[in-house]
Amino acid sequence: MDYQAFIEQQIESIRRTVGSGTAINALSGGVDSSVVTVLGHRALGERLRTVFIDNALMREGEPDQVVASFRRMGIPVELVDARRDFLDALAGLTDPEEKRNAITSTFYQKVFGDLVRASGAKFLMHGTILTDIEETVAGVKRQHNILSQLGIDPQQHYGYQVIEPLASLRKDGVREVARALGMPPELSQRMPFPGPALATRIVGEVTEERLATVRAATRIVEEELAASGAFQYMAVLLADRATGIRDGRREFGQIIVVRSVESVDARSAAPTEVPWPTLHRICRRITDLPGVNRCLYDLTPKPPATIEYI
Ligand code: XMP
């Protein structure tokens, strides 16, 4: 495929669709929404408003890093602090689907919905890719960014038109477009990270304290496995507890699972054969975190497991 030609076609098509109007998009820092942001900006310049919504569920330093990466490319991104909205919506919830629904509806109906309405933009740019459409139509996954494929007309329901420049590509194609656009490797090669973010890695209630634990463990796993070349790696906080000994006293502590998988397209996955010394180092660092006294390595392939925990 000629990716330069694809880029030119998409830029032309975005310009034609939006005409003299304005568009808005939400950037997560993942490769899909990042490519859409760059394409949209090249097509529309300042007539595209890009927001990064801090939902309290991001990794350490992530909101500032993403905004800074785009600033270096000359693209302004507004950082919107919506941490309280998401934490309040998640309070008391333990069921995985209820947690996901709370995040989706807080995002679309409240935080981003309010921004879109206030902006007056008639066009919403979205990083939907072909795999999202296929999995949604097949009922494998509830992707929240698919509307027209499910027979919902956003123009009729919400008063705006959705533009999906990547709907014909899979992830490898999106990464090629990112490279062809000259985007830095920290964006084009970015490891997949789910929309509901660290909430997919907390079994049980999402609280600020539990987020701090999984965030610190995530940083350790990402540091230790950065050079591994694995497809995706993460830390997960379980709802169970286990007894341990700290400073000579018994402790009923937290359990962190480390997961690293090899995959091509995330539809199936095998556990990474992480060397023992690396696993031991990760375990030592993670059990140094306050209140965490167990660290487990997940050997389950997908299927039967999924990659994420909720
Ligand atoms: P699962 O857990 O279903 O994940 O095996 C497959 C891949 O998709 C990512 N993932 C998501 N990505 N929104 C996303 O944008 C989501 O709700 C979501 N859930 C899972 C996951 O990280 C993995 O790469």
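The values are calculated or read from the model by the stated rules, or taken from the named source; none is laboratory data. Please read these numbers as outputs of a predicted model, since none were measured by experiment. In this analysis, Cβ positions are derived from the backbone assuming ideal geometry, glycine residues included, and neighbour counts consider all displayed protein chains. Areas reflect the complete protein model, heavy atoms only, side chains present, ligands, DNA and RNA absent. Shrake-Rupley method; radii C 1.70, N 1.55, O 1.52, S 1.80 Å.
The alpha carbons of the stretch 169-310 stretch over 57, 32, 31 Å along the principal axes, in descending order. Our summary gives the chain a relative contact order of 16 percent, counting only alpha carbon pairs under 8 angstrom and 6 or more residues apart. With a Förster radius of 30 Å applied to the beta-carbon distance between D114 and R219, the computed FRET efficiency rounds to 0.40. For the modelled label position 7 Å from the Cα of E186 along Cα-to-Cβ, which residues of the stretch 213-251 have backbone nitrogen atoms closer than 13 Å? Counting backbone N atoms under 13 Å from the label point, the list is empty.
Here the stretch 175-310 is assigned +1 on the Cβ of each Lys and Arg and -1 on the Cβ of each Asp and Glu. Its dipole about the Cα centre then comes out at about 180 debye. Note on K110: aspartates and glutamates with a C-alpha under 14 Å away, same-chain residues under 8 apart excluded, are D54, D81, D85, D88. The loop-placed trypsin sites (Lys or Arg not before Pro) in the stretch 206-310, going by DSSP, that have at most 15 neighbouring Cβ atoms within 10 Å of their Cβ come out as R267.
Think of the chain as a dipole: +1 on every Lys or Arg Cβ, -1 on every Asp or Glu Cβ, centred on the Cα centre; then among G195, Q4, H157, G195 lies furthest on the positive end. Pick from F107, F52, F252: which residue has the top mean-square fluctuation in a GNM of the chain where Cα pairs under 10 Å get a spring? Maximum fluctuation in the GNM of the chain, among the listed residues, is at F252.
The magnitude of the dipole of the chain, with charges of +1 and -1 set on the Cβ of Lys/Arg and Asp/Glu and taken from the Cα centre, is near 260 debye. What shape does the stretch 1-96 take by its C-alpha gyration tensor, where a ≥ b ≥ c are the square roots of the eigenvalues and a/c under 1.5 counts as rounded, a/b above b/c as prolate, and the rest as oblate? Prolate shape, in that a/c is at least 1.5 and a/b is the bigger ratio. Note on the chain: Cα Rg divided by 2.2 N^0.38 Å, N the number of residues, gives 1.04. For Q161, the amide hydrogen comes within under 5 Å of the amide hydrogens of F123, L124, counting only partners 5 or more places away or on other chains and with H modelled in the peptide plane. Within the listed set A118, A23, A212, the Gaussian network model of the chain (springs between alpha-carbon atoms below 10 Å) gives the highest mean-square fluctuation for A118. The share of accessible area on the stretch 27-68 that comes from carbon and sulfur is 44 percent, using a 1.4 angstrom probe. For the stretch 70-110, a crude dipole built from +1 on the beta carbon of Lys and Arg and -1 on the beta carbon of Asp and Glu, taken about the Cα centre, is about 280 debye to the nearest 20.
Between the listed residues L299, L93, T207, the Cα displaced farthest toward the positive end of the dipole of the chain, a dipole computed from Cβ unit charges relative to the Cα centre, is found at T207.
Measuring with a 1.4 angstrom probe and ignoring ligands and nucleic acids, K171 comes out at about 70 Å² accessible. Amide H to amide H, with H built 1.01 Å from N, F52 comes under 5 Å of L27, E78, L79, V80, counting only residues 5 or more places away or on other chains. When the Cα positions of L79, C283, S168 are compared along the charge dipole of the chain, C283 comes out farthest toward the positive end, with charges on each C-beta of Lys, Arg, Asp and Glu. Given a Förster radius of 30 Å and the C-beta distance between L299 and V137 as r, what FRET efficiency does 1/(1 + (r/R0)^6) yield to the nearest 0.05? Efficiency computed from Cβ-Cβ geometry: 0.40.
What relative contact order, as a whole-number percentage, does the stretch 131-265 give when Cα pairs under 8 Å and 6 or more residues apart are counted? RCO, the stretch 131-265: 15 percent. Computed over the stretch 21-131, relative contact order equals 37 percent, with contacts defined as Cα pairs under 8 Å that lie 6+ residues apart. When DSSP beta bridges are restricted to pairs lying wholly in the chain, around 45% turn out antiparallel. Among H280, H126, H157, determine the one that fluctuates most according to a GNM of the chain built with springs between C-alpha atoms less than 10 Å apart. Between H280, H126, H157, it is H157 that shows the largest mean-square fluctuation.
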